[in-house]
Amino acid sequence: MEQLRHKDARPMMDLVAKKIFNDPEITAEFVRDILELPVESVKILEGTQIHATTSKLLPDYTTQVDVLAELNDKTQVIIEIQISHQADFIKRLWLYICEQVSKNLDSYKRDDVLTHHLAKELIPVYAVAIADKNYFEDDSAIHAFSLRESETKEELKVSIKGIEGKRNLVQIVFLELKKYKPEMKVNYNKVRWMELFGNKPFTHKPERIITKADRVVDVKEWNKEDKAMYDEYTRAWDGWLAHLAYVEEKKEEALEKGREEGIALGEVRVLARLVKKGIMTKESACEELGISEKEFEKYL
């Protein structure tokens, strides 16, 4: 039987994760550990809407990030919590980064920064994804990506206004919780966050900041209003997880049938049937197939 740190805790629930990262001190330590940046302080720009409850079973697919933090040197970090596997999630993460860079550029334009000076004002936008499903086929639980020279593997770093030394133009880190093992040969400052969000027993005595974050995970420590909100969110969460499991089961059954029949367009037709029956959303089907909604419409 899998060991859990808290019997009823759900650290990867959107509500709980946002409540954790709503604490600037916790977020600052997380960014220091995962991105290895010299963070002094953090301001949470987005992701503080922890009191908003869902009024329907299924969450909308939007380009709104889970958490956006601004470091004391103005570097911005997007933190995404991913519980279900999405075929194009990595591209979506890149989209979030590009959108944020574009928003920053628009703000400089409003400040009347001359066009040929805009590049001087741009700041790095990094991303960290905490994923409950695997996106890479190897056994590594932590993947860190940046721009590198193809042969020497030298990182592409640039000078950034207001930051001492050169900095990576972009960084993306993935924490894949399913690959966690207590004997992982990784810096424990990184592993402890996998233990926290994976609800695993801590293999080292937790330091103050982890203890603080773990108290947030423990719903028994919440006030009456927040507990009621958690209960409401939990009902929607359980429904959503059940829906995901059902969709996956039906999809596998239908795809297997399609393979047996040898239909070239079997997967498209299968997903079209799931959409028609209300088992799957049109956008989810298009993401799975990698086609536009307009192309998909002709199969409905």
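The values are calculated or read from the model by the stated rules, or taken from the named source; none is laboratory data. In this text the structure is predicted, and so the values were computed from the model without any measurement. Reconstructed Cβ throughout: ideal geometry from the backbone, glycine too, with neighbour counts over all protein chains shown. Ligands, DNA and RNA are stripped out before the accessible areas are found, and what is left, the full protein with its side chains, is counted by its heavy atoms. Shrake-Rupley method; radii C 1.70, N 1.55, O 1.52, S 1.80 Å.
Please work out if residue 144 is small (Gly, Ala, Ser), open to solvent by 30 Å² or more (accessible area, probe 1.4 Å) and closer than 16 Å to residue 31 by Cβ.
Taking the combined requirement at face value, the residue satisfies it.
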Within the range 174-190, track down each residue that is among the polar types (S, T, N, Q) and in a loop (DSSP other than H, G, I, E, B).
187
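Given the criterion at pLDDT below 80, among the acidic types (Asp, Glu), surrounded by 12 or more Cβ atoms within 10 Å (Cβ to Cβ) and part of a helix (DSSP H, G or I), identify the matching residue among 253, 283, 248.
248
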Of the residues in the range 153-204, those that are buried (at least 18 other Cβ atoms within 10 Å of the Cβ) and among the β-branched types (Val, Ile, Thr) number 4
Do we find a residue being under 30 Å from residue 13 (Cβ atoms), charged (D, E, K, R) and over 17 Å from the mean Cα position of the chain (by Cα) anywhere in the range 152-170?
no
Could you check the range 208-233 and list, in sequence order, the residues that are surrounded by fewer than 12 Cβ atoms within 10 Å (Cβ to Cβ), over 16 Å from residue 6 (Cα atoms) and either in contact with an Asp or Glu (Cβ under 9 Å, 6 or more places away or on another chain) or of a type outside the set (Asp, Glu) (or both)?
208, 223, 224
Is it fair to say residue 135 is touching a helix residue (DSSP H, G or I) at 6+ places or on another chain (Cβ under 7 Å), under 26 Å from residue 124 (Cα atoms) and surrounded by fewer than 18 Cβ atoms within 10 Å (Cβ to Cβ)?
yes
Go through the range 1-45 and count every residue that is in contact with an Asp or Glu (Cβ under 7 Å, 6 or more places away or on another chain) and of a type in the set (Lys, Arg).
2
Please specify each residue of the range 91-107 satisfying the condition of being open to solvent by 30 Å² or more (accessible area, probe 1.4 Å) and in contact (Cβ under 8 Å) with a residue 12 or more places away in the chain.
92, 94, 95, 99, 101, 105
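Within the range 30-46, track down each residue that is open to solvent by 40 Å² or more (accessible area, probe 1.4 Å) and either closer than 16 Å to residue 193 by Cα or among the basic types (Lys, Arg) (or both).
Answer for the range 30-46, where residues must be open to solvent by 40 Å² or more (accessible area, probe 1.4 Å) and either closer than 16 Å to residue 193 by Cα or among the basic types (Lys, Arg) (or both): 32, 36, 43.
Out of all the residues in the range 204-222, which are out of contact with any helix residue (DSSP H, G or I) (no Cβ under 7 Å at 6 or more places or on another chain) and part of a loop (DSSP other than H, G, I, E, B)?
205, 207, 218
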Starting from the range 275-300, keep only residues that are closer than 16 Å to residue 86 by Cα and free of Cβ contacts under 8 Å to residues at least 40 places away in the same chain, then list their pairs with residues that are acidic (Asp, Glu) and surrounded by 15 or more Cβ atoms within 10 Å (Cβ to Cβ) whose Cβ atoms are within a distance under 9 Å, requiring at least 6 positions of separation or different chains.
280/288; 289/267
